[in-house]
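The values are calculated or read from the model by the stated rules, or taken from the named source; none is laboratory data. What you see is a predicted model; the values in this text were computed from it and never measured. All Cβ positions, even for glycine, are placed from backbone atoms using ideal geometry, and neighbour counts span all protein chains on display. The area values use the complete protein model at the heavy-atom level, side chains included, leaving out ligands, DNA and RNA. Shrake-Rupley method; radii C 1.70, N 1.55, O 1.52, S 1.80 Å.
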Amino acid sequence: MYNFDLPVVEFTEEQNNFRQEVRAFLQKEKDKGTYETRCDSWLNGFNPEFSRKLGEKGWIGITWPKKYGGAERSAIDRYIVIEELLAAGAPVAGHWIADRQSGPLLLRFGTEEQKNFYLPKIAKGECYFAIGMSEPNSGSDLASVSTRAEKTDGGWILNGSKTWTSGAHHAHYMIVLCRTRPKDPNNRHAGLSQLIVDLSAPGVSIRPIKYLTGAAHFNEVFFENVFVPDENLVGQEGNGWKQNMAELAYERSGPERILSTFPLLEELIQELKKEKDLPRLTESMKLVAELNSLRQMSVGVAQYLEEGKDVAITAALIKDMGTKFEKYVAELTRLLVNRKPSLDSKNRIEKYLAQSILHAPGFTLRGGTTEILRGIVAKGMVAQ
Amino acid sequence: MYNFDLPVVEFTEEQNNFRQEVRAFLQKEKDKGTYETRCDSWLNGFNPEFSRKLGEKGWIGITWPKKYGGAERSAIDRYIVIEELLAAGAPVAGHWIADRQSGPLLLRFGTEEQKNFYLPKIAKGECYFAIGMSEPNSGSDLASVSTRAEKTDGGWILNGSKTWTSGAHHAHYMIVLCRTRPKDPNNRHAGLSQLIVDLSAPGVSIRPIKYLTGAAHFNEVFFENVFVPDENLVGQEGNGWKQNMAELAYERSGPERILSTFPLLEELIQELKKEKDLPRLTESMKLVAELNSLRQMSVGVAQYLEEGKDVAITAALIKDMGTKFEKYVAELTRLLVNRKPSLDSKNRIEKYLAQSILHAPGFTLRGGTTEILRGIVAKGMVAQ
Amino acid sequence: MSDMRDLMVELAEKILKENCTKELIDQAEDGTWQQKLWDLLEEAGIFTIGIPEENGGTGGDYADGFHILRLIGKYAVPLPVSETLIVNWLLHDSGFQTETVPTTLSIKNDEHIHIYEKENGFHVSGTLTDVSWGRYAKKLLTLAKIGNETHLVLLPLENVQIEKMNNLAGEPMDTIKIDQLVAQLQLKVVDEAALIERAQQILALSKAVMISGAMEIILDMTVQYTREREQFGRPIHRQQAVQQYLAILAGETAASLTITNKAIETFQQNNDVYELASAKVKTNEAAGKVAELAHQVHGAIGVTHEHRLHQLTRRLWSWREEVGNENDWAEKLAIKFLNSEDATLWEFLTRTNSKKSSGVKVKD
Amino acid sequence: MSDMRDLMVELAEKILKENCTKELIDQAEDGTWQQKLWDLLEEAGIFTIGIPEENGGTGGDYADGFHILRLIGKYAVPLPVSETLIVNWLLHDSGFQTETVPTTLSIKNDEHIHIYEKENGFHVSGTLTDVSWGRYAKKLLTLAKIGNETHLVLLPLENVQIEKMNNLAGEPMDTIKIDQLVAQLQLKVVDEAALIERAQQILALSKAVMISGAMEIILDMTVQYTREREQFGRPIHRQQAVQQYLAILAGETAASLTITNKAIETFQQNNDVYELASAKVKTNEAAGKVAELAHQVHGAIGVTHEHRLHQLTRRLWSWREEVGNENDWAEKLAIKFLNSEDATLWEFLTRTNSKKSSGVKVKD
């Protein structure tokens, strides 16, 4: 039945202890003033110092082989770390993409040299990656890539641009999906490759795209005759589409599709608890039940991913449901507490509410729109 | 702007008095035991005695010319009558289609003979019509009509079948949309005509289709070489599609797309009022605000219809929103009062809840599915 | 997971697939008791799963039983299977013999019967409402007051007055009036609050699991229908609106399966209400959405009595109200949170009763 | 409808279309006061619509004023237009002179300033929160306690301490602290409860109307975008999912326009809270849906600061919380119902204050 029968994951005592360790660290750093809790912190919480501290703890690239700087721990340990980080609203945007997506991609498709070069730096929390997928006007039509790389002596000459790249202004590298052969109208997915581009290389320019809040999380990145050495090709030339799709499973089912507004939910519950307001607490517990089921699904997929199972459809499902949930947290909270959202309020509910509402439109757009995801799920089921 | 700027209709003192008259009549009949309130009564409340009484009052075909048995009253007067009937959950299924749809169609497209023959009988509440539109397997694809009439001496020979016809087992006539010329693959809407078929004619057979409750509101009607005299052609031969579409505006924006579950809402409010439960009453007042805006839209469209304006898009909008509202009444009620729906309960909320839940699937299917209606609205806006 | 689960599930599914047809369910809803199907399930040992063989049971654990109940929901079995199984669990807990005749229960806060001991036996009186399958049950497990003490008692349902009511699925939900019934009874003094809580929890989980089973087959039927049904010259699964609905259906179904699986495993290990209450809240909420969208995709054909869909959707609409709706179980969660030592919601959410063994336990 | 409405609406729309650009709104949100636009609106007489010409006003009625406020919402005008207009209405009600300088108000239940009369004039002290456009307003209408009496007073906003806050739309929502401000003041004793109720009603309707205006243009922009934007080789309005969203957007917008139009007409004739409260409840609820779906259709481009969409959606998200959210106004409806003589909801719904004239009155 469509692989929806996910494993029931139960955390071991060791894992629960590990969770406490992570939590204690986060509390200590917060108390020290290293960071302030915020909603959607994996997109907008950039803090190199904090990233480095996580690297020191061994909590970036935590599942990777030790020889590449990893800790060879389980996918569940990784799950614990990242959900603790998100629940605390900690600033993880810097290294997020590298840890979640670029590192695993290199581990799977990269050369030995690439792994030796990039992974240890990522794991230290000192090397950030950006995703070079979307292009101006491509939107959800990812295959309409027109950034192209032409073969030259010892490498490639890259021309084109990528857009909506989160964090490119902080990132050191970008994995660029580009066309290494002419477009084939009969096979839109053929002839694409992935290149690692050094964002400080000549010919690369980065223009920030301001989000509706005025803050710059996104960028447009232009490539003008950028030389990319041969050794920066990831995997096989021409296999870029497939590799890119494999990448997507990592990004769709994680807790960052469920917990972006968790700090707000926590504040809401705290307030209602303080007031011993049973009717409203009851209402908000419906969110908790939903969150519980999403968490079980998400951790089940993490487990299956580690076992190498194909979870593309379930991951798409979770992203769709999780992001709807993230939005709903804000919509329900505003009715339960009757507060005016304001970014500059000193009241945490008002501030988190403002952050949640203003970031909400992105939840169901980034990483695959609701409509695209639902199409993937439906087509997947019908095809089976 | 897409005609969404609807008129603000204010009822006059005379109209308010008329409303009181209708209401008093309904209360008296209910007290006498002529009928019992029920949800969705316009589909499942069949009561010939009650229909005749309404006819005597002059409240069927109320807007039609006096010479055809009508009362020459305004569209707003008609609106008042039908919303009072629906709010009371009175049994109006018998004459409903004839009053709402078939009569107006004949008035607009029928011959003088047809008007003289059918309209007075309808207005008396003694002649019921059924709609012959959908066919087995046609679903929302209305143009895929394959029931056909072949020309013969003095009339037509009809073969084929219609399905989902509400009340055909009680009705005297059906207006059948059929093919009078072969299918033209380039123009699927061409060559269709509307014929009035006497349901007691030889060759007509009616097979009830049981609804999921087990009750029979719908039918499949078969035509086997049924002779239909020339004088039963409505309007122009070949113009059936257009005439049929004109019919749809009457059926989409009326209060029966808003009030099908009103008796349940009334009971809910009564109970909460009795308990002076302000928090829950507040919750349910959100439904009342929604109902208020839907009513204003619906009555505005009734006014525009009388003025001969094109309200196809707005009517589709109202049907979509109104039927969602009808469903939501049941979903909210069950959470506000925590009762178990049961058709055989003596508690009115439980009974109406059961009626509402069991009939709800039909709300967003009959008279144009949600998806079809939304397509009509979107295409209409984009085309302007 | 117990070793026998796969075998039991396979066996039960085979029986149900072959025997629990649309027509059989129609007949049951029309008022005919389905003895043959009952006998088949009894032969398969369904009613005593989770009770050790040495005590006359089929063996296996409670989790196995819940997985069988998922099939009972999936096939809309019109018999008091969950009731009889749960009664047996409660009987076994109390050291009583188990039953294989149709049995039901009424163990809740606000209703008790009264028993007086006289010379010719116990005299029983009282009224019990919403007794599922009451009219067909041979015995009923309930609580009785004798003086100040509450006893668990298994009553024979003979010479009682039954007022017939049905839920939306046509399942009996009767009122039973007992007036001076005289019987020989086994009684056991119980901690009333604890027993009610335990019974309500098992019942709630059983409903949640049955709801998830019904969803599983509704999703299957709906996907299948979109493959077969053509409109505007192509199968309807090609319509983007239909695709959106299918994805929502899949999501609600997957979430319901996952959270009930989690709740089953947790219940097997301890009685923590958090997973179980979450499961009932979530499946109740999902039930309405699944029923609505499945009907929307199926269109007119799906609301006809001839079609099987409504046998399942009417059960979703009924079961979501039974043993507590969303508000009831969300309130239990809220109370648990208020009474807990957890300072934050996040602690409350993540405080799992850890297992001693290391390594991740995975179902299957 | 007043004769001048069409003319005023046309004039105002012309001014706003030409002058109230995306860039102007950006500048205003960055903290620059838009005096030129203010002057244009003042010249057009916008701030005194609904006040008779003989009293120095522009003429017309309140309904005309609300229709202009719809345009203020539609063009996201970053100025205290509704505040100044409403202050003028309240001033005129009380026999005061009207104002053309930027003015705001704070008339609510829980906040009052205190005034003591001394030799050198009145001494004013107090704190007012959530004062919209406080930092730019020259004057502020509020309630003051002097002894046991409540007075309506128009304060000059000089030498006050302003704590700057913004709503999500970057509109000032300041806290004003007044400490022993000495001024010459006009005072008028008022029925406090009645005045607060009236002010809250006008303010709520103004927000509802402005919300409906913002929706109107959001719908327009969104339909237009689906025509222009191509994806998978065709304009996105061809995608069925996009069509479904457009229809929901249209429905919420049409409902909001209709109920606010109704509320405006009713307000013009009497103060019945039913239509007005319905309008605020409905537009508040619609605001969230419209903002969500408009962004969903616009995709990534719509969440960029360069795009105009967020100037409108941020206003929807702000305004739905201001002057009472859905719960507040639904509660007012509930209280009205509980206190009414209507035996049934249906009577409550249909009891319109009938007009004396016969025939149906139709707007336009």
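Could you check B:E306 against (1) under 20 Å from the mean Cα position of the chain (by Cα); (2) buried (at least 20 other Cβ atoms within 10 Å of the Cβ) and say which number it fails?
(2)
Against the condition of a type in the set (D, E, K, R) and either crowded, with 21+ Cβ neighbours inside 10 Å or out of contact with any Gly (no Cβ under 9 Å at 6 or more places or on another chain) (or both), how does A:E135 come out, does it pass?
yes
(1) open to solvent by 10 Å² or more (accessible area, probe 1.4 Å); (2) closer than 26 Å to A:K324 by Cβ; (3) assigned by TED's automatic domain parsing to the domain that holds A:A171: which one isn't true of A:L212, the others all being true?
(1) is the only condition that A:L212 fails.
Being over 28 Å from A:P48 (Cβ atoms) and within 14 Å of chain D (Cβ to nearest Cβ) narrows it down to one of A:H217, A:H189, so name that one. Steps first, please.
Details: A:H217 fails: over 28 Å from A:P48 (Cβ atoms).
Answer to the check: A:H189.
Hey, B:R334 hits all of (1) outside any helix (DSSP H, G or I); (2) open to solvent by less than 10 Å² (accessible area, probe 1.4 Å); (3) basic (K, R) but one; which does it fall short on?
The single condition B:R334 does not satisfy is (1).
In region D:306-341, which residues are open to solvent by 30 Å² or more (accessible area, probe 1.4 Å) and more than 30 Å from B:K276 (Cα to Cα)?
Within region D:306-341, D:E306, D:H307, D:R308 qualify.
Within region A:181-199, work out how many residues are of a type outside the set (D, E) and surrounded by fewer than 19 Cβ atoms within 10 Å (Cβ to Cβ).
Summing the residues that are of a type outside the set (D, E) and surrounded by fewer than 19 Cβ atoms within 10 Å (Cβ to Cβ) in region A:181-199 gives 9.
Suppose we filter B:R78, B:R23 for residues that are within 14 Å of another protein chain (Cβ to nearest Cβ), part of a helix (DSSP H, G or I), closer than 30 Å to D:T253 by Cβ and open to solvent by 20 Å² or more (accessible area, probe 1.4 Å); which single one remains?
Of the residues listed, the single one that is within 14 Å of another protein chain (Cβ to nearest Cβ), part of a helix (DSSP H, G or I), closer than 30 Å to D:T253 by Cβ and open to solvent by 20 Å² or more (accessible area, probe 1.4 Å) is B:R78.
From D:L246, D:L257, which residue is over 11 Å from B:S293 (Cα atoms), at the interface with chain B (Cβ under 10 Å from one of its Cβ atoms) and at pLDDT 95 or above?
Sole residue among the options that is over 11 Å from B:S293 (Cα atoms), at the interface with chain B (Cβ under 10 Å from one of its Cβ atoms) and at pLDDT 95 or above: D:L246.
Which condition does D:W317 not pass, out of (1) closer than 28 Å to A:I209 by Cβ; (2) within 9 Å of chain B (Cβ to nearest Cβ); (3) of a type in the set (F, W, Y), if it passes all the others?
Failed condition: (2).
Looking at B:K286, B:K273, B:K319, B:K327, which one is outside any loop (DSSP other than H, G, I, E, B), at pLDDT 95 or above and open to solvent by 30 Å² or more (accessible area, probe 1.4 Å)? Before you say what the answer is, go through the steps one by one.
Values: B:K286 fails: open to solvent by 30 Å² or more (accessible area, probe 1.4 Å); B:K319 fails: open to solvent by 30 Å² or more (accessible area, probe 1.4 Å); B:K327 fails: open to solvent by 30 Å² or more (accessible area, probe 1.4 Å).
On inspection, the qualifying residue turns out to be B:K273.
Looking at the structure I just gave you, is B:I157 outside any loop (DSSP other than H, G, I, E, B) and surrounded by fewer than 18 Cβ atoms within 10 Å (Cβ to Cβ)?
When the stated conditions are applied, B:I157 passes them.
Could you run through region C:16-61 and say how many residues are farther than 17 Å from C:I86 by Cβ and in contact with a Leu (Cβ under 8 Å, 6 or more places away or on another chain)?
Summing the residues that are farther than 17 Å from C:I86 by Cβ and in contact with a Leu (Cβ under 8 Å, 6 or more places away or on another chain) in region C:16-61 gives 8.
Test each condition in (1) without any contact (Cβ under 8 Å) to a residue 60 or more places away in the chain; (2) open to solvent by less than 40 Å² (accessible area, probe 1.4 Å) for B:N347 and report the one that comes out false.
Checking B:N347 against (1) without any contact (Cβ under 8 Å) to a residue 60 or more places away in the chain; (2) open to solvent by less than 40 Å² (accessible area, probe 1.4 Å), the one that fails is (2).
Determine which single condition C:E228 fails, assuming it passes every other condition in (1) facing chain A (nearest Cβ under 8 Å); (2) open to solvent by 20 Å² or more (accessible area, probe 1.4 Å).
The failed condition is (1).
For (1) at pLDDT 95 or above; (2) surrounded by 24 or more Cβ atoms within 10 Å (Cβ to Cβ); (3) under 17 Å from the mean Cα position of the chain (by Cα); (4) within 19 Å of C:L105 (Cβ to Cβ), each residue gets a yes or a no:
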| residue | (1), (2), (3), (4) |
| --- | --- |
| C:I15 | yes, no, no, no |
| C:E42 | yes, no, no, yes |
| C:E54 | no, no, no, no |
| C:G65 | yes, yes, yes, yes |
| C:V77 | yes, yes, yes, yes |
| C:T84 | yes, yes, yes, yes |
| C:V87 | yes, yes, yes, yes |
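How many residues are more than 7 Å from every other protein chain (Cβ to nearest Cβ) and of a type in the set (S, T, N, Q) when one looks only at region A:271-285?
Within region A:271-285, residues that are more than 7 Å from every other protein chain (Cβ to nearest Cβ) and of a type in the set (S, T, N, Q) number 1.
Is it true that C:H92 is assigned to a strand (DSSP E or B) and either surrounded by fewer than 24 Cβ atoms within 10 Å (Cβ to Cβ) or free of Cβ contacts under 8 Å to residues at least 24 places away in the same chain (or both)?
Judged against the criteria, C:H92 is not a match.
Please find, among A:E72, A:E49, A:E56, the residue that is without any contact (Cβ under 8 Å) to a residue 40 or more places away in the chain and part of a helix (DSSP H, G or I).
From the options A:E72, A:E49, A:E56, the qualifying one is A:E49.
Taking D:I196 as the residue in question, decide whether it is open to solvent by 40 Å² or more (accessible area, probe 1.4 Å), of a type in the set (V, I, T), farther than 20 Å from D:R70 by Cα and in a helix (DSSP H, G or I).
On the way: open to solvent by 40 Å² or more (accessible area, probe 1.4 Å): no; of a type in the set (V, I, T): yes; farther than 20 Å from D:R70 by Cα: yes; in a helix (DSSP H, G or I): yes.
When the stated conditions are applied, D:I196 does not pass them.
Look at region C:319-364 and say how many of its residues are more than 27 Å from the chain's Cα centre (by Cα), at pLDDT 80 or above and at positive phi.
Count: 0.
If we scan region B:230-242, do we find a residue that is in contact with a Gly (Cβ under 7 Å, 6 or more places away or on another chain), assigned to a loop (DSSP other than H, G, I, E, B) and away from every other protein chain (no Cβ under 14 Å)?
yes
Considering only region A:28-41, state which residues are in a helix (DSSP H, G or I), open to solvent by 20 Å² or more (accessible area, probe 1.4 Å) and in contact (Cβ under 8 Å) with a residue 40 or more places away in the chain.
The one that is in a helix (DSSP H, G or I), open to solvent by 20 Å² or more (accessible area, probe 1.4 Å) and in contact (Cβ under 8 Å) with a residue 40 or more places away in the chain: A:K30.
Show the residue pairs meeting these rules: Cβ distance below 9 Å; 6+ apart or different chains; first residue within region D:1-30 and touching a residue at least 60 places away in the same chain (Cβ under 8 Å); second residue surrounded by fewer than 14 Cβ atoms within 10 Å (Cβ to Cβ) and among the hydroxyl-bearing types (S, T, Y).
Going by the 9 Å Cβ cut-off, there are no qualifying pairs.
Has region B:82-103 got at least one residue that is among the hydroxyl-bearing types (S, T, Y), open to solvent by less than 10 Å² (accessible area, probe 1.4 Å), more than 28 Å from B:A330 (Cα to Cα) and assigned to a helix (DSSP H, G or I)?
Yes, region B:82-103 has at least one match.
Residues in region B:56-69: is at least one of a type in the set (D, E) and either closer than 24 Å to B:S260 by Cα or buried (at least 20 other Cβ atoms within 10 Å of the Cβ) (or both)?
No, region B:56-69 has no match at all.
Which residues, taken from region D:95-115, are part of a loop (DSSP other than H, G, I, E, B), surrounded by fewer than 21 Cβ atoms within 10 Å (Cβ to Cβ) and in contact (Cβ under 8 Å) with a residue 12 or more places away in the chain?
D:G95, D:F96, D:Q97, D:T98, D:E99, D:T100, D:V101, D:N109, D:H112
Can you tell me which residue in region B:110-132 is farthest from B:G33 (Cα to Cα), limited to those that are open to solvent by 10 Å² or more (accessible area, probe 1.4 Å) and either modelled with pLDDT under 95 or part of a loop (DSSP other than H, G, I, E, B) (or both)?
B:T111
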